1. Would you look at the GNM of the chain, springs on alpha carbons closer than 10 Å, and say which of H115, H128, H74 moves the most?
2. Using a 1.4 Å probe over the heavy atoms of the protein chains, calculate the carbon and sulfur portion of the accessible area of the chain as a whole percent.
3. Given H placed 1.01 Å from N in the peptide plane, which residues other than close sequence neighbours of R146 have an amide H under 5 Å from its amide H?
4. Using a 1.4 angstrom probe, figure out how much accessible area the chain has per residue, in square angstrom, rounded to the nearest whole.
5. Just to check I understand the Karplus step: with θ = phi - 60° and J = 6.51 cos²θ - 1.76 cosθ + 1.60, what whole-Hz values come out for region 21-37, glycine and proline as x?
6. From the phi of every residue in region 160-174, what ³J(HN,Hα) in whole Hz does the Karplus formula 6.51 cos²θ - 1.76 cosθ + 1.60 yield, where θ is phi - 60° and glycine or proline is x?
7. Given that just one value was derived from the coordinates, which of (i) 35, 16, 14; (ii) 25, 19, 17; (iii) 59, 16, 10 is semi-axes √(5λ) of the Cα gyration tensor in Å?
8. So for the chain, taking the charge dipole from beta-carbon charges (+1 Lys/Arg, -1 Asp/Glu), which of S118, L138, A87 sits furthest toward the positive end?
Amino acid sequence: MSLLALVTTLLSASSSGSLYTLYQNGQYLRACNQGAKMLHRHEQDERFVSLYAFSCLEADRIDRLALPAVILNHSEEARRNATYFAAILLQRNLLINALENQTPLTGLKLPTSDHLLSRVFDLYSANHYVKSGDSYVLTDPQTPRRSYKLFLRHSGQSLQLGITEYYDTILTKQHIYR
């Protein structure tokens, strides 16, 4: 093995290890930002790309899932991850379009997951919401104590999708999806 190949291998392992440590410690935004800086150097490393994408997903940086959804295509697991990322990105985009243009999504069926955006998409497309001003309040019939407030937020030239989670009437978490 040449010295250049050895150094490249060691840097790759170090980058992946650093990203993994950040992810394990719940520092998802840092992992997402760090991974974005190194993605072009690690496009062939599907574990790195998947870890980067899952970090961005946990950090609510849905906008960064597009490239991993395209890159991840060599192994069965990578293709499953790519499908997962693409479905969540599509659900976010459809919700933004539906709220901005006041277009129903009734009857639209997409692959679903346990991710918050996917659950909210399913509730919205099944008309399990009440419109309240510029937002929508969604209640899951399976867990009626849990509800979500769905809204759009303008940020410069772009629209961001917001979801506020409630348990009973207590705010538990707010997500802004870029």
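The values are calculated or read from the model by the stated rules, or taken from the named source; none is laboratory data. Quantities reported herein were computed from a predicted structural model and do not represent experimental measurements. Here the Cβ is made from the backbone with ideal geometry for all residues, glycine too, and neighbour counts use every protein chain on show. Please note that ligands, DNA and RNA were not included when accessible areas were found on the heavy atoms of the full protein model with its side chains. Shrake-Rupley method; radii C 1.70, N 1.55, O 1.52, S 1.80 Å.
1. H74
2. Details: 5430 of 10160 Å².
Its accessible area is 53 percent carbon and sulfur atoms.
3. When sequence neighbours closer than 5 places are left aside, the close amide H contacts are D140, D168.
4. Values: 10160 Å² over 178 residues.
Here the residues of the chain average 57 Å² of exposed surface.
5. Computed from phi, the couplings for region 21-37 are 4, 4, 4, 4, 8, x, 8, 5, 5, 4, 5, 4, 5, 5, x, 4, 5 Hz.
6. Karplus-based 3J(HN,Hα) across region 160-174 equals 10, 8, x, 9, 10, 9, 10, 10, 6, 10, 8, 5, 9, 6, 10 Hz.
7. Among (i) 35, 16, 14; (ii) 25, 19, 17; (iii) 59, 16, 10, the one derived from this structure is (i).
8. L138
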